[in-house]
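In what follows, a structure is listed as structure tokens, so that the remarks can point back to it.
Derivation of every value follows stated rules applied to the coordinates shown; laboratory data play no part. Model, not experiment: these values are computed from the prediction. We place every Cβ from the backbone using ideal geometry, glycine too, and count neighbours over all the protein chains shown.
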Amino acid sequence: MLRYVRIALATVAFVAIVAVFVDFTGTAAGWFSFLPKYQLVPALLALNTIAILVLVALTLLFGRIYCSVLCPLGVFQDIVNRLRLSTTPKRKRKPGLFRYSTEHKSLRYGFLAAFIMLFTAGLLALLPQSVAGLLDPYSIFGRATGQFLVPLWRTGASAVASSAADSGTYILDGEPAVSAFSWLIAAIAAVQLIIVAVFAWRSGRGYCNTVCPVGSILGLLSRFSLLKPIINLDKCNSCGSCGRHCKASCINTKEHRIDYSRCVVCMDCINNCSQGAISYSIRRKTKTTASTPEAGRRSFMVSAAIAAGTGIALAADKTTDGGFAPIKAKKRHGSATPTVPAGAISLEHLRSRCTACQLCISACPSGVLKPSAALSTFMQPTMTFTAGYCRPECTDCADICPAGAILPISAADKSVTKIGTAKVDTSLCISAAYGQECHACESQCPVHAIHLVKGDNGNMRPAVDENRCIGCGSCEYHCPVGTSGHISANEAAIYVEGIDKHRII
Amino acid sequence: MKEQNIDPSRRRFLRNLGIITVGTSVGACKPADNSGQTSTASATGTMTYRTNPNTGDTVSILGYGCMRFPTLGMANGTDDQTLDQEAINKLVDRALEAGVNYFDTSPAYCMGQSEAAIGTALARHPRDKYFIATKLSNFAPQTWPREKSIEMFENSLRYLQTDYVDYLLLHAIGGGGWDVVRQRYIDNGILDYLKDLRSKGTIRNLGFSFHGDIDVYDKALAMHDNGEVHWDFVQIQLNYMDWNCDKDPANRNVDAEYLYGELEKRGIPAVIMEPLLGGRLANVPIAVVDQMKERRPDASTASWAFRFAGTPGGILTVLSGMTYMDHLDDNLATYSPLEPISGDEDAFLKRAAAEIRSNNTVPCNYCNYCMPCPYGLDIPAILTHYNRCIIDGNTASDPTDPDYARQRRAFLYGYDRSVPKLRQADRCISCGTCSPHCPQGIDIPAELHKVNRYVQKLKENDA
């Protein structure tokens, strides 16, 4: 019974958290955006006291239920296990696939120590927090979801919406933004996911009990939990079935001991005990059970190029009617300072808080946020204005960030928060350099910070009022240079240069 | 080229509302009665024919416009703009078989592929079974020099696989004023060259097509009056929207009643273009559709426009750019034979015109003259989508409107579907390349900015 409750809760939580990632319409985020905020590492980074207290209380009451229900990577491992079971002949499956192992204490606490060091180094801005994020289970899951599931879902949703629209029903208010697939992040996510999956296939929750720092932290608390699986020695016939069904490999059947620091309260042992000898109950101070740690297994383990092309062939006089001029995908213009979303406060704040879970990137409706490839901001979000710009009325990334790396901000504040300044590369500008009449940046600037003025050569050139410009990137996105096929340059002639500290203007 | 479907549920709904109209006839604006009309048997019935008083040509009232030919992309769902020769052959065969004998093309049409395509299709039939009309489309200044313009005409003959052209037009005079006409045709001696070809029989009829500045029209006809040139025919835009009874000075340039009247006065046969305003008159507000269907349940919306355009007797032929076989069949049914618009129907169409005019669509006929936009925008698709949403009533702007969310989705998602993001209105840089090419005189950048402002407002205001 308890096992089914656990499975039901885990299914709901898992589906909900996946939905928050993949649902680009923001509906799931409206309902379930609290779930990522209850992930331990983001909650610690955000100093989310309520979430931390709730998680500590849950663990002290029920044991590591977090690992079985709330942690999506934990549930993912259970799914892998399930797959293994369903592909195993009943004859082998029936007696159970696991066996007790002792705790790999040095590895386990070694990883925890390493994590704490990286985490601290991140907070002190010695390293990007995303390095510690390589060990955070939620961020590992987020990267895999963002890189693999999100693109898949968008393609599918796009096809469904398109066929619905054929019959006159509009279920979306626009095509989903292009997902932020990156070979680098995808490779890292794939490697990490495969490691976790192999662990899960071979040894159940071996990863959680050897590598995962969250598992180790919660393990320190779960030893003292109020409710826990308890073996009733009066009923136990020492068949060893519980131990062979324990995916955490934490039941020492010979000594009738359960290592509660590794137990993820999956209730499988209770279910598989033919004698009804295991109960999930309040531990009595008796000698029937004891709790000592022991267990385990092992572990695991990046630049922007700026191409400048000048030379513009302006459109020839048209002689025929119809057809399209060629367009191409724009490249990000190089900038000395990256641009990060309003709410991030400063480059340093984002760098020290973001574990690179990719949730904001999945949530960005404009396709602006992309994972950084630079070592100093490894996998953390950075803004590119090639597929869209940061719309002043949108606060989706700030609303969703569980780690407080992008803090909540109102749309009103955001629309006056300066995150960068537009810079003009007059050598690329078709107006400034070639005298072609163009008002793209000027007419699309939401804060009217750009005006065309007469340049030295008599041509009109865009001039940016740096005190009005908020760095939204509308100009860079709308600049025809880089997009128009007849212009050889691949980047926009106007681009956003980030600033290290955001401010309201 | 866009589909002209109307949501059937809306249609039913509005029909159930039971729109009642009271008709009072206004005789002053009725087009002239039919005269000089003959008929010949054809496969679908009896096509109506008109006689050209200059050459005695017996011309079908339905002329085939070669500006909207099907592309390969339409057949295979890609954006391949190459013309679908096989489909064109079928359309042409069917048209000839049903008695259509006037084919109107230009070197500029369909990205320059139209002449070769119709030439290929027609070369499979005897040359004396049809009339070819083409144009000297020397719009681009680099084609203004005499030898360049002559080269363009000689290319036309080559593409059309013929050694004479039945009808040759100075293409779209009026845009840019009389100065441009002088530079394109008069100062470079091209008009004299064409007159010379006419006397040699290489050109059987010489005329012009007109779009734009009405003074240019008057000047061109003055040349006819004072004997500088004899226009054998003139091509004008005529439809029930432009048969302007309001005499609004703003509409003077497209007042079809004036344009046609001036020709009738001089006995010059008129060739009609834009009888359907590029499909806009097949895609009218649902209330107008209902009134049309009440009168003629089985006649298409488009048939009203074609009957109107063919009714005046001085009209030689009415051009329709037929992309699909069903368009062709529908037009053949309308004109085999033509049933002229009655006085009562004329009054009805006048009211319909007022109703259509009141819905503030952009008067774009999707002719693609503005394309290609050098910056990659799909101007006709943007304006089509905008007009479509206006006609369907999907342009709510008040987020408190209970239907706002649905209309917002219909507009925004439909926009992304019909126009790729990088070809949408927000990418207009206001370079103004397009506007001079628009036969309807639309200030295209201004309209694109208008559409974009509406889109941005919708994006900002999620219901």
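Have a look at A:SER179, B:MET47, A:ALA449 and report the one farthest towards the positive end of the charge dipole of the protein assembly as shown, computed about the Cα centre with Cβ charges (Lys/Arg +1, Asp/Glu -1).
Selected residue: A:SER179.
What ranking of A:HIS448, A:HIS245 emerges when the number of other C-beta atoms within 10 Å of each C-beta is taken as an exposure proxy, fewest first?
The fewest-first ordering by Cβ neighbours comes to A:HIS448, A:HIS245.
Nearest 5 is fine: what % of DSSP beta bridges in chain B come out antiparallel, could you say?
If I count the DSSP bridges inside chain B, around 25 percent turn out antiparallel.
What number in nm² do you get for the range A:347-504 if you take the convex hull of its Cα atoms and divide its surface by four?
9.4
For the protein assembly as shown, with only Lys/Arg (+1) and Asp/Glu (-1) charged at the beta-carbon, what is the dipole magnitude about the Cα centre, in debye rounded to 20?
Dipole size: approximately 7580 debye.
Once you charge only the Cβ atoms, +1 for Lys and Arg and -1 for Asp and Glu, what is the size of the charge dipole of the range B:8-357 about its Cα centre, to the nearest 20 debye?
480
Evaluate peptide B:403-412: per residue, the Cβ atoms of other protein chains within 10 Å of its Cβ; return the mean as an integer.
Per-residue shielding by partner chains comes out at 3.
Any idea what % of Cα-Cα pairs in the protein assembly as shown are farther than 47 Å?
Counting pairs separated by more than 47 Å, the tail of P(r) holds 44 percent.
So for the range A:57-213, taking the charge dipole from beta-carbon charges (+1 Lys/Arg, -1 Asp/Glu), which of A:ALA159, A:GLY142, A:PHE98 sits furthest toward the positive end?
Looking along the dipole axis, the top candidate is A:PHE98.
Of the peptides B:297-309, B:86-98, A:208-220, how do they stack up when ordered by the mean number of other Cβ atoms within 10 Å, highest first?
A:208-220, B:297-309, B:86-98
What whole-number distance in Å separates the alpha-carbon centres of the range B:118-151 and the range B:57-93?
A separation of 17 Å, based on Cα centres.
Along its principal axes, what span do the Cα atoms of the range B:379-460 show, with the longest given first and each in whole Å?
Answer, in whole Å and largest first: 41, 23, 20 Å.
Taking just the C-alpha trace of chain A, give me its Rg and Dmax in Å.
27.1, 97
Just round it to a whole percent: the fraction of Cα-Cα distances in chain B exceeding 41 Å.
Of all Cα-Cα pairs in chain B, 15 percent lie more than 41 Å apart.
For the range B:48-114, report the convex hull volume of the alpha-carbon atoms normalised per residue, in Å³, without decimals.
86
Toward the positive end of the charge dipole of chain A, about the Cα centre and with charges on Cβ (Lys, Arg +1; Asp, Glu -1), which of A:GLN39, A:SER86, A:HIS478 goes farthest?
Farthest towards the positive end: A:SER86.
So which chymotrypsin sites (Phe, Trp or Tyr not before Pro) in the range B:161-213 pass both tests, a DSSP loop state and at most 10 other Cβ atoms within 10 Å of the Cβ?
none
I'd like the distance separating the alpha-carbon centroids of the range A:50-103 and the range A:446-489, in whole Å.
Value for the Cα centre distance between the two parts: 55 Å.
FRET efficiency for B:ARG357 and B:GLU460, Cβ-Cβ distance as r, R0 = 25 Å, nearest 0.05?
With R0 = 25 Å, the Cβ-Cβ based efficiency is 0.25.
Stretched out fully, how many nm does the piece from B:LEU72 to B:SER342 gain, at 0.36 nm a residue minus the Cα gap?
93.1 nm is the gain from fully extending B:LEU72 to B:SER342.
Ranked highest first by average number of other Cβ atoms within 10 Å, how do B:226-233, B:389-396 line up?
The most tightly packed comes first, giving B:389-396, B:226-233.
Let me confirm one metric for peptide A:390-399, namely the mean number of other chain beta-carbon atoms within 10 Å of its residues' beta-carbons.
So the per-residue partner count for this stretch is 1.
Just report the Cα centroid separation between the range A:382-426 and the range A:10-30, whole Å.
Distance between centres, Cα-based: 23 Å.
Can you tell me the dipole magnitude for the range A:347-504 around its Cα centre, using point charges on the Cβ only (Lys, Arg +1; Asp, Glu -1), in Debye to the nearest 20?
260
When the helix-only estimate is applied to chain A (DSSP H runs of n ≥ 4, each -39,500 (n - 2.57), divided by the residue count), what is the mean residue ellipticity at 222 nm, nearest 500 deg cm²/dmol?
-11000 deg cm²/dmol
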